[in-house]
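Here the structure is laid out as structure tokens; the discussion comes afterwards.
The values are calculated or read from the model by the stated rules, or taken from the named source; none is laboratory data. What you see is a predicted model; the values in this text were computed from it and never measured. We place every Cβ from the backbone using ideal geometry, glycine too, and count neighbours over all the protein chains shown.
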């Protein structure tokens, strides 16, 4: 019986830890560790989107972000592992796509993209999940020194 | 007996599993859950736009990278901080101190940050956002000279404080914090300029015309709040000094480089700042007046 108790305890403990390690602050901290030694964390953008409904567009979340001319920025994208969705980040200047973490031509995904800004402005950052799947992700904006 | 133990144990586990961990205060981490494309500019509040107008680190990074020596003279004094005795003054001072902390961190002066951390702790507690500022952790990081972690945790703390204020009907305090960060960043930059003229810094000062316009718009949305009209007037006087600063744009060819699997994109459009040292001098004088007035309120 003692063995059963231990097994239940461990199973519950690990199940709990596993959930917490995903779509929450741990994801932010984990992603912030990926920015590299030469980068300084500036901000995070957290996104949780439900699965696309039938006959609806792919859900996305947008954020405004002020970027300064002459600064070398880095965008790191991290997905929560307990969600199926794989995030795609896009940075727009008005209607011009400047940066994306997904290359449509090669279908290559980039977990981080550097952006050397030459125009101070308010930009728009979008995050959506491929194929409109449910997903949770975080984008870390950092400054490369 | 064993059954009883099992029931109690499972109940306890269930309770633990359903209780948010103290390490993860915001289990509802994602900012929003959306079912539809959210791309309507008109639905966006001004507070979202100005949220990151003024970064405590970016201006300091530019100054530090320019090789300008560190100086404590540029920073707001830490003595007599009891004079910040209203929420208006406290929120402004919090922004000023955040900017100073960013400057200290960027120069890796962790030995000098404790006094600033202490004031920030008091101000944030008084504004009821102290739960986002882990003074002990930051103090320990400063003492251990762990500057990278100190920068991460202090920046993340300010981001959370600001977010909490904006999402809990205290947007005016958030706007004041941003105004404090901006004026102190500008003060440090213009003071540095007087001693170490630097083209990059001149241009960064000039392009603050855009940020200041956004900031004044944001502050103006709280025009009816006490003390805001005088503050807006002060910022508008600085705005007047930017009238002769011109910003033009030039289209160029975008450049994409892939290095070791990493993508680097160099923007094609350039903003060109037309500003003279005389303009900087006028801006500098006005920024100094307003900043000194705000920290001595």
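Identify, from the list B:140, B:148, the residue that is within 13 Å of chain A (Cβ to nearest Cβ) and either more than 28 Å from residue B:289 (Cβ to Cβ) or in contact (Cβ under 8 Å) with a residue 12 or more places away in the chain (or both).
B:148
Being at the interface with chain B (Cβ under 7 Å from one of its Cβ atoms) and modelled with pLDDT of 90 or more narrows it down to one of A:41, A:83, so name that one.
A:41
Table: residues versus (1) touching a residue at least 60 places away in the same chain (Cβ under 8 Å); (2) in a loop (DSSP other than H, G, I, E, B); (3) over 21 Å from residue B:60 (Cα atoms).
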position: B:200; (1), (2), (3): yes, no, no
position: B:203; (1), (2), (3): yes, no, no
position: B:211; (1), (2), (3): yes, no, no
position: B:217; (1), (2), (3): yes, no, yes
position: B:222; (1), (2), (3): no, yes, yes
position: B:237; (1), (2), (3): no, no, yes
position: B:244; (1), (2), (3): no, yes, yes
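Scan region A:68-80 for residues that are out of contact with any helix residue (DSSP H, G or I) (no Cβ under 8 Å at 6 or more places or on another chain) and at the interface with chain B (Cβ under 9 Å from one of its Cβ atoms) and jot them down.
Once the filter is applied, which keeps residues that are out of contact with any helix residue (DSSP H, G or I) (no Cβ under 8 Å at 6 or more places or on another chain) and at the interface with chain B (Cβ under 9 Å from one of its Cβ atoms), region A:68-80 yields only A:72.
With respect to residue B:194, determine if the residue is over 28 Å from residue B:84 (Cβ atoms) and surrounded by fewer than 21 Cβ atoms within 10 Å (Cβ to Cβ).
So residue B:194 fails the test.
Examine region B:206-219 for a residue that is within 14 Å of another protein chain (Cβ to nearest Cβ), farther than 24 Å from residue B:171 by Cβ and touching a helix residue (DSSP H, G or I) at 6+ places or on another chain (Cβ under 9 Å), and state whether such a residue exists.
Scanning region B:206-219 turns up at least one residue that is within 14 Å of another protein chain (Cβ to nearest Cβ), farther than 24 Å from residue B:171 by Cβ and touching a helix residue (DSSP H, G or I) at 6+ places or on another chain (Cβ under 9 Å).
Residue B:293: part of a helix (DSSP H, G or I) and without any contact (Cβ under 8 Å) to a residue 40 or more places away in the chain, yes or no?
Taking the combined requirement at face value, the residue does not satisfy it.
Scan region B:108-124 and tell me whether some residue there is within 14 Å of chain A (Cβ to nearest Cβ) and free of Cβ contacts under 8 Å to residues at least 12 places away in the same chain.
For region B:108-124, residues within 14 Å of chain A (Cβ to nearest Cβ) and free of Cβ contacts under 8 Å to residues at least 12 places away in the same chain: absent.
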